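Asks: Starting off with a structure, shown below.
The values are calculated or read from the model by the stated rules, or taken from the named source; none is laboratory data. Quick caveat: nothing in here was measured; it's all calculated off a predicted structure. Note that we place each Cβ from the backbone using ideal geometry, even for glycine, and neighbour counts take in every protein chain shown.
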């Protein structure tokens with residue numbers, strides 16, 4: 001009985017994951033590519049959500065690890081001639097180590113200072129990425145020209161890898177829901193000084209989440225780079241990626257498991273519909289959405305889902 | 001001797017740049033100090049001011065210096081409306097909410113600008129400022145000198161308004177204790193709108209000054225937001241006069257990087273300086289800043 | 001045995017000296033009252049003992065181990081916990097979860113045990129019925145009791161109560177004194193800041209009097225109340 005109860009929150013997500021794993025048998029390349037994009041953003045938004053939604057720390061520099069993942073994977077594949085998946089896993093490990101180094105001093109910042117500090121770091125990383133080859137003489141990033149990767153075989157690989165990362169991120173969020181670690185994080189989010197006075201080691205818990213997110217984000221970046229066959233520092237470290245993650249997590253509902261997926265799906269579809277002709281309109285709409293959600297609908301789409309579900313439960317049968 | 005001249009010129013460049021940075025940052029500090037709002041769209045206000053001056057100068061042939069009050073008026077209006085309609089609803093909510101709302105506003109502003117004017121870089125040259133003064137061995141480009149002077153002048157003007165006028169007193173009272181101020185007949189919401197307008201106007205004019213000597217493009221906002229944060233953190237968040245040495249510190253740090261390390265790294269230097277300041281000097285160089 | 005000691009604890013905020021060479025000891029199993037006029041430095045002293053602030057000079061010892069200079073969460077895990085003058089809580093969590101966090105991290109218990117103990121503590125302070133309620137919905141006196149349950153759940157051996165019983169009616173005060181006696185019977189040592197003499201007399205074994213950051217008297221409640229220095233501090237020269 002006790003074993004079943006602890007697995008219950010996982011049953012629906014597992015079923016969905018199985019369905020998605022079987023999707024390629026039924027759907028065509030366009031749908032699958034769209035799905036891959038949704039998985040990628042869901043993984044990114046979900047990773048951001050771990051630190052921001054559960055621990056309450058607004059990180060505005062997660063794109064750093066996206067870029068690190070992209071470049072580490074590319075360099076390992078092309079210089080060390082390692083296969084893609086091996087490079088990807090190693091890139092995750094590199095991101096983990098860097099996150100430990102960067103996170104330890106940075107997570108000591110609180111509130112808005114943490115947000116600004118991480119943004120400053122991310123922009124520094126972008127500048128460093130652009131200048132690295134010139135500065136150090138070690139050809140790593142290709143400067144503003146970037147790096148070209150070998151063309152990949154097909155789209156199925158990326159579909160499954162992105163799906164896997166999304167599943168891992170979502171699984172982590174689900175596991176946080178009722179776990180000891182999750183309570184600690186939420187205590188930090190609600191009142192970090194009280195949490196500390198009650199025995200919670202703020203830095204240690206936040207660092208754990210920060211490092212975990214870094215790995216997931218790096219895996220996403222590494223896969224995306226190979227998928228596009230091209231990366232450069234301007235795009236791989238671009239603040240716009242952070243902003244997309246933030247908006248999707250917000251729109252979907254901060255601190256919920258479903259939120260990032262809903263937000264990613266919704267916005268990916270909207271941008272798909274608007275196409276490349278209306279990029280600016282799309283972004284203006286996003287800005288309006290952010291304003292609207294923050295002012296009027298802080299629970300996001302997941303909040304609406306919850307309200308509908310609650311109303312249905314409360315209604316007389 | 002040669003080395004000293006190079007150093008001197010570098011520091012001078014930094015100081016001139018610092019004057020503009022001070023003006024570009026003071027709006028952020030003012031708004032945060034009075035209403036507790038961290039304006040993520042700050043850089044976009046600078047950008048819009050820059051474009052206002054550019055278009056008035058290029059398309060309508062308005063004298064460059066005369067575009068300044070127009071830019072101020074336009075941005076003041078925008079800021080006032082933004083606070084009144086949107087940001088006043090965030091009062092009392094945690095900092096994150098106002099950060100997010102202003103972030104949304106910044107997205108709207110940047111992409112509207114991109115839609116209207118495309119991402120092209122645009123540069124204007126003011127004919128009567130297009131030469132340099134020679135002071136001893138040092139070169140002082142007139143456009144930069146004028147910009148720095150106007151920038152510092154605006155910061156001084158703001159200090160004067162805050163200290164010596166009725167409106168300034170009301171703003172300071174609201175900043176210290178809005179409940180008390182409202183009991184004395186001040187309407188905090190109007191003051192917040194006025195303050196946001198004032199901060200926006202000054203930021204806009206700072207952008208106009210940038211347009212005198214540097215290219216403008218819609219994406220320049222983020223950089224100026226980060227510059228502004230650097231200046232404000234170094235000078236002390238919420239402490240108005242601090243932007244003067246915060247700006248100069250940033251300007252000199254960048255100038256030194258450009259001269260002695262590499263020109264392309266000045267942004268890196270600025271952003272890293274911001275990070276270091278947050279980590280080791282969160283209350284500013286002289287410790288007058290406050291964050292909570 | 002001496003559970004907690006302060007040696008020459010000093011706290012200065014720039015030119016303002018909030019505490020000056022404060023020495024005190026808390027014996028195991030005793031209740032030590034801390035009184036003094038407003039601004040005497042009582043809350044600052046508690047913040048320093050609990051690790052929320054660092055002393056400018058001097059040391060705090062718990063079970064013969066120096067704890068001053070440790071981070072707040074470490075001090076809590078070692079066994080010192082403090083309530084807040086204006087009660088703090090995790091607003092978005094339920095009442096039970098508020099106490100649960102303390103048990104999980106302050107005491108280091110596993111999830112199931114911490115949950116059971118949290119329920120026990122809520123029952124102990126009389127909030128058992130409100131376990132599932134969002135903590136933000138509690139009244140002020142309920143928040144104070146929640147704060148008490150929280151510090152109890154950390155498994156602390158020394159609990160510092162910062163005006164935990166303020167603003168109570170006479171009847172509520174009886175119940176509060178009884179509650180503190182019950183806490184004491186469980187083997188927890190208490191330091192209590194209070195302004196209400198009835199509380200102190202009813203509960204404290206010894207009393208420490210602070211004024212302008214210095215200890216001006218120490219002894220039983222009776223001794224302290226008749227000490228001329230104490231009377232002068234509270235009521236002024238004329239009454240000494």
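Asks: Report, by residue number, each residue of the stretch B:277-292 that is surrounded by fewer than 18 Cβ atoms within 10 Å (Cβ to Cβ) and more than 9 Å from chain A (Cβ to nearest Cβ).
Replies: Across the stretch B:277-292, the qualifying residues are B:280, B:281, B:283, B:285, B:286, B:287, B:288, B:290.
Asks: Return the residues of the stretch A:142-154 that are crowded, with 16+ Cβ neighbours inside 10 Å and more than 11 Å from every other protein chain (Cβ to nearest Cβ); say none if nothing qualifies.
Replies: A:142, A:146, A:147, A:149
Asks: Residue by residue through the stretch C:93-109, note down the ones that are within 12 Å of chain A (Cβ to nearest Cβ) and in a helix (DSSP H, G or I).
Replies: C:96, C:97, C:98, C:99, C:100, C:101, C:102, C:103, C:104, C:105, C:106, C:107 - these are the residues of the stretch C:93-109 that are within 12 Å of chain A (Cβ to nearest Cβ) and in a helix (DSSP H, G or I).
Asks: Among A:199, A:182, which is within 14 Å of chain C (Cβ to nearest Cβ) and in a loop (DSSP other than H, G, I, E, B)?
Replies: Result: A:199 is the single residue among A:199, A:182 that is within 14 Å of chain C (Cβ to nearest Cβ) and in a loop (DSSP other than H, G, I, E, B).
Conditions tested, residue by residue: (1) under 15 Å from the mean Cα position of the chain (by Cα); (2) over 30 Å from residue C:134 (Cα atoms); (3) assigned to a loop (DSSP other than H, G, I, E, B).
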residue: C:8; (1), (2), (3): no, yes, no
residue: C:43; (1), (2), (3): yes, no, no
residue: C:59; (1), (2), (3): no, yes, no
residue: C:76; (1), (2), (3): yes, no, no
residue: C:91; (1), (2), (3): no, no, yes
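Asks: Now for a separate question. Would it be correct to say that residue A:143 is closer than 20 Å to residue A:222 by Cα, out of contact with any strand residue (DSSP E or B) (no Cβ under 8 Å at 6 or more places or on another chain) and in a loop (DSSP other than H, G, I, E, B)?
Replies: Yes; evaluated as a whole, the condition is true for this residue.
Asks: Looking only at the stretch C:131-141, count how many residues are assigned to a helix (DSSP H, G or I) and at pLDDT below 90.
Replies: Adding up the residues that qualify gives 2.
Asks: Would the stretch C:110-130 turn up any residue that is assigned to a helix (DSSP H, G or I), crowded, with 20+ Cβ neighbours inside 10 Å, without any contact (Cβ under 8 Å) to a residue 24 or more places away in the chain and outside the structural domain of residue C:45 (by TED's automatic domain parsing)?
Replies: No: the stretch C:110-130 contains no residue that is assigned to a helix (DSSP H, G or I), crowded, with 20+ Cβ neighbours inside 10 Å, without any contact (Cβ under 8 Å) to a residue 24 or more places away in the chain and outside the structural domain of residue C:45 (by TED's automatic domain parsing).
Asks: Within the stretch B:64-82, is even one residue in contact with a helix residue (DSSP H, G or I) (Cβ under 7 Å, 6 or more places away or on another chain), at negative phi, within 14 Å of chain A (Cβ to nearest Cβ) and surrounded by fewer than 19 Cβ atoms within 10 Å (Cβ to Cβ)?
Replies: no
Asks: Can you run down the residue pairs with Cβ atoms below 6 Å, 6 or more apart or on separate chains, where the first is in the stretch C:50-66 and within 14 Å of another protein chain (Cβ to nearest Cβ) and the partner is in a loop (DSSP other than H, G, I, E, B) and modelled with pLDDT under 95?
Replies: Matching pairs, first to second residue: C:51/C:70.
Asks: Can you tell me which of (1) within 21 Å of the chain's Cα centre (by Cα); (2) surrounded by fewer than 18 Cβ atoms within 10 Å (Cβ to Cβ); (3) within 14 Å of residue A:194 (Cβ to Cβ) is the one residue C:100 doesn't meet?
Replies: Here residue C:100 meets the rest and fails (2).
Asks: Name the single residue, out of those in the stretch A:104-141 being closer than 15 Å to residue B:262 by Cα and more than 8 Å from chain B (Cβ to nearest Cβ), that is modelled with the lowest pLDDT.
Replies: A:137
Asks: Would you call residue A:263 free of Cβ contacts under 8 Å to residues at least 40 places away in the same chain and buried (at least 24 other Cβ atoms within 10 Å of the Cβ)?
Replies: no
Residue by residue, here is whether (1) at pLDDT 90 or above; (2) farther than 22 Å from residue B:218 by Cα; (3) not in a helix (DSSP H, G or I) holds:
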{"residue": "B:81", "(1), (2), (3)": "yes, no, no"}
{"residue": "B:84", "(1), (2), (3)": "yes, yes, no"}
{"residue": "B:89", "(1), (2), (3)": "no, yes, no"}
{"residue": "B:101", "(1), (2), (3)": "yes, no, no"}
{"residue": "B:104", "(1), (2), (3)": "yes, no, no"}
{"residue": "B:111", "(1), (2), (3)": "yes, no, no"}
{"residue": "B:114", "(1), (2), (3)": "yes, no, no"}
{"residue": "B:125", "(1), (2), (3)": "no, no, yes"}
{"residue": "B:128", "(1), (2), (3)": "no, yes, no"}
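Asks: Can you pull out the residues in the stretch B:247-270 that are within 26 Å of residue B:34 (Cα to Cα) and within 14 Å of chain A (Cβ to nearest Cβ)?
Replies: Of everything in the stretch B:247-270, just one residue is within 26 Å of residue B:34 (Cα to Cα) and within 14 Å of chain A (Cβ to nearest Cβ), namely B:250.
Asks: A further question on this structure: Just to be sure I understand, how many residues within the stretch A:55-102 are in a helix (DSSP H, G or I), within 14 Å of chain B (Cβ to nearest Cβ) and under 17 Å from residue A:242 (Cα atoms)?
Replies: 2
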